[in-house]
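Report on the structure given below.
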Amino acid sequence: MSPSSQLPGPIEVERKFVPGPDVEDKLCTLGAELLEEITFRDSYFDNSDLRLTLNDMWLRRRGDSWELKHPPQRGARGLSGASTQYMELTSEDDIICRVSEELGVPCPLNIESFGLQEFASFVTRRRRFQLPLVEKSNLKVVVDLDEADFGFAVGEVEVLVQTKEEIENALKKVETICKQLGVFRETPVQGKVSTFLQMNRADHYRQLVEAHVI
């Protein structure tokens, strides 16, 4: 592995889909195992001029933990075709460093000190499945079936990779799983946050569409 291929954090390669009534039966047919069923609240934050989200950076608090998702390459977008690629940061120090760099402000002592505003908050009920590992492949595939408390359901096929070289295989893998589940679409399926914004914050949603973020 070349030094340049190693990433500072894992990359989440994901493809969303519209879950049909038989999707769990199809998961069982593929040998998937139900890992957990959890409920959590996500709250998303940005500054007044939407500097983070318009640059495809998504800062959220899930329970008591902070997470930041952003495209692996600066200036790029996470959406690629009908799949997405986002680096995930979970260390508060790393998140503070990246957010302060994006906002052009000194690093504060904690994330709350940025003074960001909450623009979305909702509760999700999630059923997470893991597919069996395929021989000669180390790609671990999980499938999330989400129901948000604002009346929206979405599925996600997800693979985490550690190097840039793994991204192409991960993209192919999530596409293959969607086809096996009978949920494959050529065009992107909207996620929970963008749907929430479309329903509740139309101007924010419009700006994200115009910036080609969603």
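Quick notes
- Residue within the range 194-205 that is open to solvent by less than 60 Å² (accessible area, probe 1.4 Å), among the small types (Gly, Ala, Ser) and not in a helix (DSSP H, G or I) present: no
- Single unsatisfied condition, LEU160 versus (1) within 17 Å of GLU14 (Cα to Cα); (2) at pLDDT 95 or above: (2)
- The lone criterion from (1) without any contact (Cβ under 8 Å) to a residue 40 or more places away in the chain; (2) touching a His at 6+ places or on another chain (Cβ under 7 Å); (3) of a type in the set (A, V, I, L, M, F, W, C) left unmet by LEU139 is number (2).
- Top-ranked residue of the range 131-152 - restricted to ones that are in contact with a strand residue (DSSP E or B) (Cβ under 9 Å, 6 or more places away or on another chain) and open to solvent by 50 Å² or more (accessible area, probe 1.4 Å), ranked as nearest to LEU181 (Cα to Cα): PRO132
- Boolean, SER113 is assigned to a helix (DSSP H, G or I), open to solvent by 50 Å² or more (accessible area, probe 1.4 Å), at pLDDT 95 or above and small (Gly, Ala, Ser): yes
- Residue that is modelled with the lowest pLDDT [pool: residues in the range 56-93 that are small (Gly, Ala, Ser) and not in a loop (DSSP other than H, G, I, E, B)]: SER80
- Condition broken by ARG62, with the remaining ones in (1) within 26 Å of ARG206 (Cα to Cα); (2) surrounded by 20 or more Cβ atoms within 10 Å (Cβ to Cβ) satisfied: (2)
- Residues of the range 174-193 that are of a type outside the set (A, V, I, L, M, F, W, C), in a helix (DSSP H, G or I), in contact (Cβ under 8 Å) with a residue 40 or more places away in the chain and farther than 14 Å from PHE152 by Cβ: GLU175, GLN180.
- For the range 146-168, the condition of being small (Gly, Ala, Ser), under 15 Å from the mean Cα position of the chain (by Cα) and part of a helix (DSSP H, G or I) holds for none of the residues.
- Residue check, THR53 among the hydroxyl-bearing types (Ser, Thr, Tyr), crowded, with 18+ Cβ neighbours inside 10 Å and modelled with pLDDT of 95 or more: yes
- If you go through the range 73-102 and keep only what is touching a helix residue (DSSP H, G or I) at 6+ places or on another chain (Cβ under 7 Å) and not charged (D, E, K, R), you end up with SER83, GLN85, LEU89, ILE95, ILE96, VAL99.
- Scan of the range 1-17 for residues that are modelled with pLDDT of 95 or more and either part of a helix (DSSP H, G or I) or open to solvent by 40 Å² or more (accessible area, probe 1.4 Å) (or both), ordered by number: LYS16
The values are calculated or read from the model by the stated rules, or taken from the named source; none is laboratory data. Note that this is a predicted model, so its numbers are computed, not measured. FYI the Cβ positions are ideal-geometry reconstructions off the backbone, even for glycines, and counts take in every protein chain you see. Quick note on the areas: whole protein, heavy atoms, side chains included, nothing else; ligands and nucleic acids left out. Shrake-Rupley method; radii C 1.70, N 1.55, O 1.52, S 1.80 Å.
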